[in-house]
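Okay, so here's the structure we're looking at.
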Protein chains: 2
Amino acid sequence: MASNAAFAEVASLAGDPARAGMLHALMDGRALTATELARVAGITPQTASGHLARLTVGGLVAMEKQGRHRYHRLASPAVARMLESIMQVAAATPPRKKAFVGPRDLALRAARTCYDHLAGHLGVALADSLIANGQIELAADAGIVTDSGAALFDRLGIDLDAGSKRKSRMLCRPCLDWSERRPHLAGIVGGALCRHCFTAGWIKHIDGTRAVAITAKGQRNFGEIFGIGSA
Amino acid sequence: MASNAAFAEVASLAGDPARAGMLHALMDGRALTATELARVAGITPQTASGHLARLTVGGLVAMEKQGRHRYHRLASPAVARMLESIMQVAAATPPRKKAFVGPRDLALRAARTCYDHLAGHLGVALADSLIANGQIELAADAGIVTDSGAALFDRLGIDLDAGSKRKSRMLCRPCLDWSERRPHLAGIVGGALCRHCFTAGWIKHIDGTRAVAITAKGQRNFGEIFGIGSA
DNA sequence: CGGAGGCTTCGGCGAAGGCCGAAGCATCGC
DNA sequence: GCGATGCTTCGGCCTTCGCCGAAGCCTCCG
């Protein structure tokens, strides 16, 4: 089969530990330099350079140069979805060895970005709240925003129709959380909600990582609007 | 990061050409024996056996023994979704070499099963028809069945609520077709529609492959119900 | 019970590819 | 122009892993 070779190439690109680490770091949608990526992957810059070149020709990563810096980011949302789906399978696989959970991992588990939306304990709690209040409905494969949910987002000043061609009902997408093993909110709705949390100052990135911290203002609003207790 | 190793392992399992071929063959949801899989991958049975053992401990494939046969199938729908998403990225990657399209490939492009639903020209045409008639709505990430669509499926005797816990609105899922590069219908609805096409005798598998042929009865019904001309 | 068929394990070969040190290009700032 | 910085290319070492032939295990069937 012709397409088989391309399939194996893409999968094996993601299958190297060093490259996997870089892709993981790029999953929050930001663009990083080769040296930064080398550090997160635990390899030297020259090795990272080689990996990034392969990822670029493989169509997983896009690069743009700015002065003497070269910024790398995921090539498309489809790549992010692919990485998510691999993480789902990887999380479902029986833990072969009691994984050591460090402080850095704890922060990630509490709250993090997942390409363009929120994941971790916070992400799952938000999704739970929306479901419990009948504002969204999630199945294993897909989800919708109810009228009540649309009203909520409207009240928050979140415009769901921006990129969605004015569908009669807002569509969203569930994304299985690898740390919580329960679905959180992705897709157009998840992205819009995440952006709103940042612009409203409810959350902010910790250092330069995917982990996010909940601000005091965020604590208040998450409690009032979504009934989420102190994280 | 702890989960990184598991991620890379899963991806690299899918990243070997021989294993990719086997996974590809398993994507129609059926269970195959090691020897059959060895043939489709173009390797000897003993090599296939090693690959299958690794895929099994990696959680991608499940095995059950029946007498002296051992049937292998994808471990979960999540694995199938992962493979689909990798195919999407692989299809989007620029064709590095004019892929040779054989007759076998042509049959696959015309109509095939994709885990539990229909893909290829037929799958895309069905989705197009349902969209054009306002029976479903598809965005990039998710989709819904309209009241009109629910009525159609009801008329066909397709029970969408079987496994879906009676959601107020039926949910479905788009799946980007690697050959047509346009979405077709997956998820609960796609699966139910595909099963119906088989049980109603509209389509049947070609040999033992994922490719399907449209029967005369199918021709008639696809034309009358969905307005799809002769394939 | 003995042969046949399906499948796995073992051992060894060979190619692929990850890794780094050193050196070579670009770009920025002084 | 000159050094510093970010990044890439080159060369060589080394591990990993895919592959098959041969042999062994299990299950069915006559």
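The values are calculated or read from the model by the stated rules, or taken from the named source; none is laboratory data. Computed from a prediction, not measured in an experiment: that's the story for all the values here. Using ideal geometry, Cβ is built from the backbone for each residue, glycine included, and neighbour counts are taken over all protein chains shown.
Modelled with pLDDT of 80 or more and aliphatic (A, V, I, L, M): is that true of B:L160 in this structure?
On the way: modelled with pLDDT of 80 or more: no; aliphatic (A, V, I, L, M): yes.
Judged against the criteria, B:L160 is not a match.
Any residue in region B:50-73 that is within 14 Å of chain A (Cβ to nearest Cβ) sitting within a Cβ distance under 8 Å of a residue that is part of a strand (DSSP E or B) and away from DNA strand C (no atom under 11 Å from the Cβ)? List the pairs, counting only those 6 or more apart or interchain.
B:T56/B:A62; B:L60/B:L74; B:V61/B:R73; B:V61/B:L74; B:A62/B:R73; B:A62/B:L74
So B:S85 clears everything in (1) within 10 Å of chain A (Cβ to nearest Cβ); (2) within 23 Å of B:H205 (Cα to Cα); (3) at pLDDT 90 or above except one condition, right? Which one?
Evaluating B:S85 over (1) within 10 Å of chain A (Cβ to nearest Cβ); (2) within 23 Å of B:H205 (Cα to Cα); (3) at pLDDT 90 or above leaves (2) as the failure.
Please work out which residue is nearest to the chain's Cα centre (by Cα), limiting yourself to region B:193-217 and to residues that are assigned to a helix (DSSP H, G or I) and farther than 29 Å from B:G21 by Cβ.
Residues of region B:193-217 assigned to a helix (DSSP H, G or I): B:193-199, B:216-217.
When the remaining residues are screened for being farther than 29 Å from B:G21 by Cβ, the result is B:196, B:199, B:216-217.
Numbers: B:H196: 15, B:T199: 17, B:A216: 23, B:K217: 23 Å.
Applying the filter and picking the extreme gives B:H196.
Within region B:11-37, count every residue that is within 11 Å of DNA strand D (Cβ to nearest atom) and either surrounded by fewer than 22 Cβ atoms within 10 Å (Cβ to Cβ) or of a type in the set (D, E, K, R) (or both).
Number of matching residues: 6.
Within region B:30-37, does at least one residue satisfy the condition of being assigned to a helix (DSSP H, G or I) and more than 8 Å from DNA strand C (Cβ to nearest atom)? Steps first, answer last, please.
Residues of region B:30-37 that are assigned to a helix (DSSP H, G or I), as a first pass: B:34-37.
Okay, now just the ones that are also more than 8 Å from DNA strand C (Cβ to nearest atom), so B:37.
Yes, region B:30-37 has at least one match.
Condition test on A:G134, is it modelled with pLDDT of 85 or more, on the phi > 0 side of the Ramachandran plot and either facing another protein chain (nearest Cβ under 10 Å) or surrounded by fewer than 21 Cβ atoms within 10 Å (Cβ to Cβ) (or both)? Steps first, please.
Details: modelled with pLDDT of 85 or more: yes; on the phi > 0 side of the Ramachandran plot: yes; either facing another protein chain (nearest Cβ under 10 Å) or surrounded by fewer than 21 Cβ atoms within 10 Å (Cβ to Cβ) (or both): yes.
For A:G134, the condition - modelled with pLDDT of 85 or more, on the phi > 0 side of the Ramachandran plot and either facing another protein chain (nearest Cβ under 10 Å) or surrounded by fewer than 21 Cβ atoms within 10 Å (Cβ to Cβ) (or both) - is met.
Residue pairs, Cβ under 6 Å, 6 or more apart or interchain, first in region A:32-45 and more than 12 Å from A:A18 (Cα to Cα) and among the polar types (S, T, N, Q), second outside any helix (DSSP H, G or I) and within 12 Å of DNA strand C (Cβ to nearest atom). List them.
A:T33/A:H69
So, in region A:1-49, exactly how many residues are at negative phi, more than 10 Å from chain B (Cβ to nearest Cβ) and of a type outside the set (V, I, T)?
Residues that pass the stated criteria total 16.
Looking for whichever is of a type in the set (S, T, Y), in contact with a His (Cβ under 9 Å, 6 or more places away or on another chain) and modelled with pLDDT of 90 or more here; the options are A:T47, A:T33, A:T113. Which one fits?
On the way: A:T47 fails: in contact with a His (Cβ under 9 Å, 6 or more places away or on another chain); A:T113 fails: modelled with pLDDT of 90 or more.
Unique residue meeting the criteria: A:T33.
Since B:L108 meets every condition but one in (1) over 30 Å from A:T56 (Cβ atoms); (2) assigned by TED's automatic domain parsing to the domain that holds B:V212, which condition does it not meet?
(1)
In this structure, does B:G58 turn out to be at positive phi and either more than 8 Å from DNA strand C (Cβ to nearest atom) or of a type in the set (K, R) (or both)?
Numbers: at positive phi: no; either more than 8 Å from DNA strand C (Cβ to nearest atom) or of a type in the set (K, R) (or both): yes.
Against the criterion (at positive phi and either more than 8 Å from DNA strand C (Cβ to nearest atom) or of a type in the set (K, R) (or both)), B:G58 does not qualify.
Answer yes or no as to whether A:G187 is more than 19 Å from the chain's Cα centre (by Cα) and at pLDDT below 90. Walk me through how you get there before you give the answer.
Details: more than 19 Å from the chain's Cα centre (by Cα): no; at pLDDT below 90: yes.
For A:G187, the condition - more than 19 Å from the chain's Cα centre (by Cα) and at pLDDT below 90 - is not met.
Report, by residue number, each residue of region A:42-55 that is near DNA strand C (Cβ under 6 Å from one of its atoms) and either small (G, A, S) or outside any helix (DSSP H, G or I) (or both).
A:I43, A:T44
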